[in-house]
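Input: a single structure, listed below in C-alpha cells.
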Amino acid sequence: MAGQISFKKYVPGSFFNASLDKASDKNERLILNMDTENGNKIAFVQIAGLVARRIICDVDIGHSLKAGEIFGLIRFGSRVDIYFKNKKVLVKLGQNVVAGESLIASE
C-alpha cells in the first residue's frame, strides 16, 4: 500500500526470542503508522530479537512510501508485526514472505 508515515515511536525493551508472544510487548521495537492513499491506516512494528538486536528504519513522520517500498531493515531472528483493519489476509500462519514481493492482504 502507498501512504504517508503519520507516527513513529521507538520503545526500548528486552531481547526475548522474537517468535514468543511476549516479544510484542517486552522487546525493543519501533512503531510506524501509515495513512494510506485510500484513507486506511496500517501499522508496522519492527521487533528486535534475541540474536541480532538491531532495528534500522529509514523513514520519518511525513515520509511518503510507495507500495512495496523498503522503509527499513530488521536483522536475523527479529520480526515485523503488521496491523490493519477490514482486509482479507492472504498469507498463512508460518508462511515466509518477501518484502516488496509477497501480497499479505487485499480489499
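The values are calculated or read from the model by the stated rules, or taken from the named source; none is laboratory data. Please read all numbers here as calculations on a predicted model, not as lab measurements. Cβ atoms come from the backbone with ideal geometry, glycine included; neighbour counts cover every protein chain shown. Ligands, DNA and RNA are excluded from the accessible area calculation, which covers all protein heavy atoms including side chains. Shrake-Rupley method; radii C 1.70, N 1.55, O 1.52, S 1.80 Å.
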>> With θ taken as phi - 60° and the coefficients 6.51, -1.76 and 1.60, list the Karplus ³J(HN,Hα) couplings across the stretch 82-95 in order, rounded to whole Hz; mark glycine and proline as x.
In response: 10, 10, 7, 10, 6, 10, 8, 6, 9, 8, 9, 4, x, 6
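Could you compute the FRET efficiency for S64 and N17, with r as their C-beta to C-beta distance and R0 at 41 Å, rounded to 0.05?
For S64 and N17, the calculated efficiency is 0.75.
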>> Would you report the distance distribution of C-alpha pairs in the chain as whole percents per 10 angstrom bin, up to the bin with the largest distance?
In response: 14, 46, 35, 4
>> Nearest 500 deg cm²/dmol is fine: what mean residue ellipticity at 222 nm does the chain get from its DSSP H runs of n ≥ 4 alone, each adding -39,500 (n - 2.57), divided by its residue count?
In response: -500 deg cm²/dmol
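Per residue, how much accessible area does the chain show when a 1.4 Å probe rolls over the protein heavy atoms, in square angstrom?
Heavy-atom SASA per residue in the chain reads 67 Å².
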> Which part of the stretch 19-43 falls in the paramagnetic zone of R54, meaning amide N under 20 Å from the point 7 Å along Cα-to-beta-carbon?
Replying inline: 19, 27-31
> How big is the accessible area of F7 in square angstrom, nearest 10, if you roll a 1.4 angstrom probe over the protein chains?
Replying inline: 80
> Can you list the residues, at least 5 places off or on another chain, whose amide H is less than 5 Å from the amide H of A2, using H built in the peptide plane?
Replying inline: E37, A67
> If you place +1 on the Cβ of every Lys and Arg and -1 on the Cβ of every Asp and Glu, how big does the dipole about the Cα centre of the stretch 11-82 come out, in debye to the nearest 20?
Replying inline: 340
> When the chain is modelled as a GNM with alpha-carbon springs shorter than 10 Å, which of K92, K41, K22 fluctuates the most?
Replying inline: K92
> Which of S78, S19, S64 moves most in a GNM of the chain, Cα contacts under 10 Å?
Replying inline: S19
>> Contact order normalised by length for the stretch 14-107, with contacts defined as Cα pairs under 8 Å and 6 or more residues apart; what percent is it?
In response: 25
